[in-house]
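To keep things clear, I will list the structure first and then write my remarks on it.
Every number in this text was worked out from the coordinates using simple rules, so none of it is lab data. What you see is a predicted model; the values in this text were computed from it and never measured. Glycine gets a Cβ as well: all are built from the backbone with ideal geometry, and neighbour counts include every protein chain shown.
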Amino acid sequence: MAETQEEIDSYIELYWADRMEAFLEEEEAEEEAERRESGSGGEMKKRKTAAGVGSKKAAAAADPVEESDNEEGAVESISQAKSNLSRRKKIINAKIVKLVGVKSGEGRKPKTMTEDDVAAAAVYRAKGEEAYRIQDRKAELDAVIKWIATGDPEAIEVSDQWMAENVEAMKLEPKDPTDWPAERAKDYREFWDLLWAGSFGKWEDITLIQPMRYTDEKPPQDVYPVRTLQVFSVKVAAIAEELGWPLDVFGIVAARDSLDHNRNIIFRRQRDNCQTIDSENRCLTLTGPTRAIVVVDPVYFEVDLQVKGRTESEDRALSYLVVNYRESGCESHMFKRVDTSKLSTVELTLGDMAESVEATISVKVVDGEWPEGFGCLISARTASISDMEIKLLAFDKLPVAADGTIQLSRCVLSVEADGMLRVSVMAMANCLEDQTVEGDSKAFKAREASRSTRMLQVCSCKLEVTIAWSLVPAMV
């Protein structure tokens, strides 16, 4: 076969975009018909589909998470969804044009099947049919992707039918009526396996895309400041009476964006390393994201938290959720997503950062020593959302490596390309109660690449703060 794997993946992604576009066109026509029937011409209640709009007819491609009745960012208009999809298709087509070397504007180039392609198509079709028969969705998707790559025009038509029937089958599976958020999360995982496992690996896989991608090298011409998400906090806002405070919590909170659809870890603890939270201190100690979270397609937050019992058999599922967010199209702002499951309510405080770059922070002790007996709070905030602090480290004893580098809990943030980032270091008598004894802070002007360094001093301890700046690709 002539295509590279990267080209194959791009064609598959464009195929799904084409399918979604068709559903949106159908939704738009249906709403217009209903509007004419009502005769009111007034605003209609938005219905939700895989693109965040629509009706039951889009169920074949429906994203199960879209049923959530959350506040900001939960639903967008059909016109906005079509606009976002059109932009996404332009990016994918540009990538294909670059990969196959055709002239801009020619669109997709039909593939002429060779004898080997015809033979391979028969093999992959047979594998796909068998996987479909036994309901092995991962094997089915793997076979379909390879079948489409042969250029067989029937591959897309048949896989379209299989996809629709698989989603309908998923909707008929037994549900727990007492915990619908958990059921939606389970549906989303099946949806993810069906759609992305063939290209991006296992559900549990962690993103391999590293921060500082373009700090020291020139980015491609099509990489520029993009909309990203800032994670300020994740809080267990409420719990069922049957649990009671305090709780020993373990599990994972991760974001998935369109760069690779894999986990970008925000919080992760094993059972033998729980975090204890109580009614006064309900926020999880975050360790991520490990790179900037890009908002091109919807971003999904996976929350899978458990409460440690006396034995493993007594562990309880605290929260199992999938929360989504779409581009708002407005200036940078802070917002919250609050989701309640059977045993708890989880609150995510986030920032929608317009036209932003990635900032990776490091702090190093270069002279003197940290004042004995005092804790340390290292934090940062952007000028655009200056009332929201991002804790990079809160520790009773400063964790310093042999070379003086302070081991921050988290270090990757987003900053508007024309904005400012302020980093503060405080000596604390009590980190949890914010009893500041002495501190220092410096502001850094955002850049699209390279590094910025400034010195801070707390008592006799001199610290070097370095920000590694980088653009973030909208797709890879």
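Note on Thr345, Thr311, Thr382, Thr215: ascending count of other Cβ atoms within 10 Å places them as Thr311, Thr345, Thr215, Thr382, the fewest first. Neighbour counts of C-beta atoms inside 10 Å place Leu305, Leu471 in the sequence Leu471, Leu305, starting with the fewest. In a reduced charge model with +1 at each Lys and Arg Cβ and -1 at each Asp and Glu Cβ, the stretch 311-391 shows a dipole moment near 260 debye about its Cα centre. Panel note: the C-alpha atoms of the stretch 174-226, placed on their principal axes, show extents of 52, 23, 18 Å (largest first).
The residues packed around Pro181, meaning those with a beta-carbon under 9 Å from its beta-carbon, carry a net charge of -1 if Lys and Arg are +1 and Asp and Glu are -1. Peptide packing: for 285-296, 444-455, the average count of neighbouring Cβ atoms within 10 Å per residue gives the ranking 285-296, 444-455, highest mean first. For the cross-link pairs Lys186/Lys364; Lys146/Lys186; Lys202/Lys336; Lys235/Lys397; Lys202/Lys445; Lys308/Lys336, the ones whose C-alpha atoms lie over 32 Å apart are Lys186/Lys364; Lys202/Lys445.
Of the trypsin sites (Lys or Arg not before Pro) in the stretch 380-423, the ones in a loop by DSSP (not H, G, I, E or B) with at most 15 other beta carbons within 10 Å are Lys397. Our analysis of the stretch 226-352 gives Rg over Rh at 0.98, with the two radii drawn from alpha carbon positions and Rh computed by the Kirkwood formula.
Round to a whole angstrom and tell me the spacing of the C-alpha centers of the stretch 276-321 and the stretch 330-406. Taking the Cα centre of each part, the stretch 276-321 and the stretch 330-406 sit 17 Å apart. Ranked by how many other Cβ atoms sit within 10 Å of their own Cβ, fewest first, the residues Lys342, Lys202 fall in the order Lys202, Lys342. Both numbers refer to the Cα atoms of the stretch 355-470; Rg and Dmax are 13.6, 42 Å.
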